[in-house]
1. Considering the stretch B:40-76 alone, what residues qualify as being within 11 Å of ligand 2 (Cβ to nearest atom) and either basic (Lys, Arg) or farther than 27 Å from B:Gly254 by Cβ (or both)?
2. Write out, first by first residue and then by second, each pair whose Cβ atoms fall under 7 Å of each other, whose residues are 6+ apart or on separate chains, and whose first residue, in the stretch B:58-75, is at the interface with chain A (Cβ under 10 Å from one of its Cβ atoms) while the second is hydrophobic (A, V, I, L, M, F, W, C) and near ligand 1 (Cβ under 10 Å from one of its atoms).
3. Scan the stretch B:229-248 for residues that are β-branched (Val, Ile, Thr) and within 16 Å of ligand 1 (Cβ to nearest atom) and jot them down.
4. Answer yes if at least one residue in the stretch A:7-19 is modelled with pLDDT of 80 or more and open to solvent by 70 Å² or more (accessible area, probe 1.4 Å), and no otherwise.
5. One residue is enough: does the stretch B:156-163 have a residue meeting the conditions more than 17 Å from B:Val206 (Cβ to Cβ), within 11 Å of chain A (Cβ to nearest Cβ) and open to solvent by 40 Å² or more (accessible area, probe 1.4 Å)?
6. Limited to the stretch B:62-102, what total is found for residues that are surrounded by fewer than 18 Cβ atoms within 10 Å (Cβ to Cβ), away from ligand 1 (no atom under 16 Å from the Cβ) and assigned to a loop (DSSP other than H, G, I, E, B)?
7. Looking at B:Ala52, is it within 16 Å of ligand 1 (Cβ to nearest atom), crowded, with 23+ Cβ neighbours inside 10 Å and either assigned to a helix (DSSP H, G or I) or at the interface with chain A (Cβ under 9 Å from one of its Cβ atoms) (or both)?
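The values are calculated or read from the model by the stated rules, or taken from the named source; none is laboratory data. Keep in mind it's a predicted model, so treat the numbers as computed, not measured. In this analysis, Cβ positions are derived from the backbone assuming ideal geometry, glycine residues included, and neighbour counts consider all displayed protein chains. All accessible areas refer to the heavy atoms of the entire protein, side chains included, with ligands and DNA or RNA removed. Shrake-Rupley method; radii C 1.70, N 1.55, O 1.52, S 1.80 Å.
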Amino acid sequence: MTQVVNEAGFVPGAARAWRKPWRPGRGNGFLLIAPLTLLCALFVVPLALVVVRSFSGPQPGLAQYIEIVSNPSTAWVVLYTFWTALLVTAATLLLSYPVAFTISRAKGRLLTVCLAMVLIPFWTSTVIRTYGWIVILQRRGILNDILVGSGLIDQPLRLMNDGSGMQIAMIHIMLPFMILPLLSAMRGIDANLMRAASVLGANPLRQFVHVYLPMSLPGVSAGCVLVFISSLGFYITPALLGGQRTMIAVLIEQQASRLLNWPLASALATILLVLTSALFIIYERLMARLGGGKPVGEVQ
Amino acid sequence: MNQHLMADIKRTAASADKIGAIVEFDQVAKSYGAVCALQPTTFQVGAGEFFAVIGPSGSGKSTLLGIVAGFVPPTAGAIRVNGTDVVSLAPYKRNFGMVFQNYALFPHMTVAENIAFPLRMRGVSKADTAERVRRMLGMVRLANYGERRPMELSGGQQQRVALARAAVYDPLLLLMDEPLGALDKNLREEMQEEIKKFQAALGATVIYVTHDQHEAAFMADRIAIMRNGRLEQAAAPRELYERPLTPFVASFLGEATLLPVKEILSQKGEEVVVKTDSGLKICATVRSIAQAGSSICIRPENVVLGAASKCANSFSGVIEEVLYTTGSIRYRVRLADTQTLLTARIPSHPDIALLAHGERVEVGWRRQDALLVSGD
Ligand SMILES: Nc1ncnc2c1ncn2[C@@H]1O[C@H](COP(=O)(O)OP(=O)(O)O)[C@@H](O)[C@H]1O
Ligand SMILES: [Mg+2]
């Protein structure tokens, strides 16, 4: 048996293979016992306790939730968290798409260098990268020195206080989470499809709009879900760079370990959990409806 | 093919009332750095001609087709389509149709959307598009498959969608790069006939790349044989088979015994007497000037076994291999010079007794069946 492989390394007939994700066989279910036990004991049960505590505080019932919604300062934190996650996701997508596109076309040493530039920050601790941004963005930091020194502005920017520094750092930290899914989708796009579109009469812009972009959408949505959900629960960067602007995770930490208001912290955690799960379920439904895309768990 | 379909094809042909493009290759060449993918090549494809390009893998067939389609820029030369040089035109301005080896169907579009794509790019109205897509789906016998995704179709069906998509905008030139390469043998033969009928209905010129010599011989008006980025010979299938110019062409198309020639003993017009490397004296035919470094080419079906004394060339030999293939028997005969292994093929028949391995046999062939071909 010989297989014909053409220039693009495409094996005829293999096209249909990528549709079928691997599934564990029926007989192998026992392999899941150990991880499931661990998951139950250390994740599901504590989480259930958190949810239960959120309803059973000093006065059982919805008191904690009413408190969160009616107190402007906590309600505002929830909304601001969503706004930040949205902003970070949009900015990451805009920045990542051209980068991923370039890397997907790169070969040889350029490819290695580009991938290293994405992966090395990815492997570096978030704490370290956040401190790096503090050095750059603080009141007497590198950025302000340059801007004030060159006379572009008179007063140093207060990036550490108004949340924008935190958002910049989060965008930076989230970039690999967007680039990698995009890259995997883009590298899966057969170069012959673009050639076909071209021969069929599509100029480069239309090739992109009608073929490339739709085919990269599974990567776009996977990356967006990943970044959005990660941003919702982000802790370190908001804690260090957020200044007066607080995100949910920071608020939970304050309530739980400083103010010892566990019921309120539990309620906040429950809100975060429910919203995140809801988003994920909507995303999965949407992808299944569209049919063309792969759910986030199956990105190659 | 059903009646309704034939009527559909006839109607299209009548309404098309056009003739395919004339394609001229003028010293077209392509190199990738130091690698020469295509040496300067000149040939012409006639209007409405079915022109096949065959050759081993890596011989430059796809490069040639890519240059015509426009996504491989040639390093030199011109390609004139109906007299206009298209080399500087972007692929999307050339208005050619192309079928790719892996079909290159858009997986995120339905079959109908795939076929409508080139019409959409040309700003054809919605109603007109729908009508033409419907007719095209009928022509390729996929009338009820418009709403499916390409992935839900079999290989042969995908192939037909690719064909429909390439032809729906009535291109004057259709390019196909091993369009049947991924199909199994029976389906391939069925599709060969369909593509031929399809082309006849469209009236388009076709340049068809394949590595299957049978497919090329069956489908093409003319065949070009490529080797190492060079066009060895372009001619009608029968001429290529019966009058190959080079040993490569002789052995690539069909089967041939090739005997390297040591010296030309005499030449009188087309008749030539040569001595092979192994010392055999052979009477042969030559179409051009006999040169040193040439070979004698003998087709297996022209070899006579047994009563060979009537032939101009007659030798004794020993059967070394007997192979029965459907309809014919293939022998390998070691000639008395002990170096030459001759292939003979005779039609199989219940009355014919098989010769046994090791049996002595008289073999021969006529002068006109031994062709002197030059080159390596
Ligand atoms: N993009 C490329 N870069 C470098 N060499 C190439 C490229 N495409 C083709 N080639 C070379 O050009 C030659 C002809 O290739 P191709 O036209 O694809 O052959 P075929 O289609 O007959 O198998 C081969 O030696 C191949 O390695
Ligand atoms: Mg090829």
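1. B:Lys61, B:Gly66
2. Pairs found: B:Ser62/B:Val209; B:Thr63/B:Ala37; B:Thr63/B:Leu38; B:Thr63/B:Val72; B:Gly66/B:Val72.
3. none
4. No: zero hits.
5. No, every residue in the stretch B:156-163 fails to be more than 17 Å from B:Val206 (Cβ to Cβ), within 11 Å of chain A (Cβ to nearest Cβ) and open to solvent by 40 Å² or more (accessible area, probe 1.4 Å).
6. Within the stretch B:62-102, residues that are surrounded by fewer than 18 Cβ atoms within 10 Å (Cβ to Cβ), away from ligand 1 (no atom under 16 Å from the Cβ) and assigned to a loop (DSSP other than H, G, I, E, B) number 6.
7. no
So that you can scan it fast, the table gives a plain yes or no per residue for (1) on the phi < 0 side of the Ramachandran plot; (2) hydroxyl-bearing (Ser, Thr, Tyr); (3) touching a helix residue (DSSP H, G or I) at 6+ places or on another chain (Cβ under 9 Å):
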| residue | (1), (2), (3) |
| --- | --- |
| A:Gly165 | yes, no, yes |
| A:Gly201 | no, no, yes |
| A:Arg206 | yes, no, yes |
| A:Pro214 | yes, no, no |
| A:Gly219 | yes, no, yes |
| A:Leu226 | yes, no, yes |
| A:Ser230 | yes, yes, yes |
